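Here the structure comes first, spelled out in structure tokens, and everything after it is commentary.
The values are calculated or read from the model by the stated rules, or taken from the named source; none is laboratory data. No experiment lies behind these values; they were computed from the predicted model shown. Note: ideal-geometry Cβ built from the backbone for every residue, glycine included; neighbour counts use all protein chains shown.
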Amino acid sequence: MSCYFIKGKGWRYDFLLHGIRYTQAAFKTKTEAKLAAVEKRKEVLEPKKEAQMPTDMDFLELVNGRLDHVKAYHSKQHYEDYHSRARRWVRLWGPCKSSEITREMVQGFVLDRSRVSAYTANKELRSLRSLFNFGKKQSWIIVDPTAGIEFLPVEKKVKYIPPLEDIFKVIAAAEPDTQDYLWTIRETMARVSEVNRLTWDDVNLEERYLILYTRKKKGGHLTPRKVPMTERLYKLLSRRYAERNLRMPWVFWHTYVSRKTGEKCEGPYGRRKRLMEGLCKKAGVRYFQFHTLRHSGASLMDNSGVPIGSIQRILGHEHRTTTEMYIQSLGESERQAMAIFEEASTNSHTNSHTKAIGAESRFR
């Protein structure tokens, strides 16, 4: 290593290390140049370690971070469901670090929840998987204890679709405002959250369509779709519009007492979980849920020959396969296929029987 003075440029250091030359000028004194050379040599031989991202955190902190994300990017209903499951996790593993939660611990929890149902257990596993994947994506953790855990087998059953007569009985058993609410779901095949979110700005009576918004899309974006009005829905909404409360933007709203403050509030409906149970009992029909009205409408349209693409757009499904799961009608094409099968089987049996008789007569 050498240090020398250059007129007009000051002191310069100059040295070779591993075949590479390092030099710098403009130092006022030789001592400054020497000290700078020592620092440079140290920097080359011992490069600074990059600041490492944290790879572990308190499990409670991870859960809270995920809940904040769900609240911001998903529907209120999805957040409430996720929050309910998160409380169970925190009761078990709240004091732990995320890295202390093992696959065996998660597996045991999932199996315990399977006592309720395999469907419930799989829902817990799916939510836990999203929790740890979110943590990894944020570079908060590096270990996912749900990796390799398989979903439990579920016995899938054909969803009960009530006859139209029972649907009409249930609607008739409701109070007038609730009747309008149920008819709106029935006539649009909307999700309950979409009808709860519906405002008068989303209703176009002149062109006879309304706009429904859903967060059932990847990324949690609030996505709109237009749904044409039936004649029944047009008359219903026209009447409600004429009678509307000008202070309220929502088509359906109510007065309620806030659980947090205890104060009387006005606003849109929430989930209305118990409404259908009471109405079905009052109407004397087998219990079905709001969502069944979507299945019923989809099956009815399919059975009437409506193209599946149109049904998919009305229901607001991103994928055709989702729509196909909603359709449970036994269409004419399936009946025709079975009729052809029956005819072919009968002809085949008749021909075989005739040949057998002919062969038997030759040997007599």
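For the range 246-305, the set of residues classified as in a loop (DSSP other than H, G, I, E, B) and among the small types (Gly, Ala, Ser) consists of SER258, GLY262, GLY270, GLY284, SER304, GLY305, listed by residue number.
Looking only at the range 56-104, which residues are part of a loop (DSSP other than H, G, I, E, B) and closer than 29 Å to GLU194 by Cα? Correct list: HIS74, SER75.
Scan the range 79-88 and tell me whether some residue there is at pLDDT below 95, in contact with a Lys or Arg (Cβ under 6 Å, 6 or more places away or on another chain) and not charged (D, E, K, R). Yes; the residues of the range 79-88 include at least one that is at pLDDT below 95, in contact with a Lys or Arg (Cβ under 6 Å, 6 or more places away or on another chain) and not charged (D, E, K, R).
Go through the range 157-186 and give me each residue that's aliphatic (A, V, I, L, M) and in contact with a His (Cβ under 8 Å, 6 or more places away or on another chain). The answer is ILE161, and nothing else. Taking the criterion of being surrounded by 16 or more Cβ atoms within 10 Å (Cβ to Cβ), hydrophobic (A, V, I, L, M, F, W, C) and under 27 Å from ASN122 (Cβ atoms), would at least one residue in the range 41-59 satisfy it? Yes - at least one qualifying residue is present in the range 41-59. Just one of (1) closer than 18 Å to ILE167 by Cα; (2) surrounded by fewer than 17 Cβ atoms within 10 Å (Cβ to Cβ) fails for ILE308. It is (1). Residue check, PRO224 against (1) farther than 17 Å from THR178 by Cβ; (2) free of Cβ contacts under 8 Å to residues at least 24 places away in the same chain; (3) over 28 Å from the mean Cα position of the chain (by Cα), all met but one. Which one? The number of the failed condition is (3).
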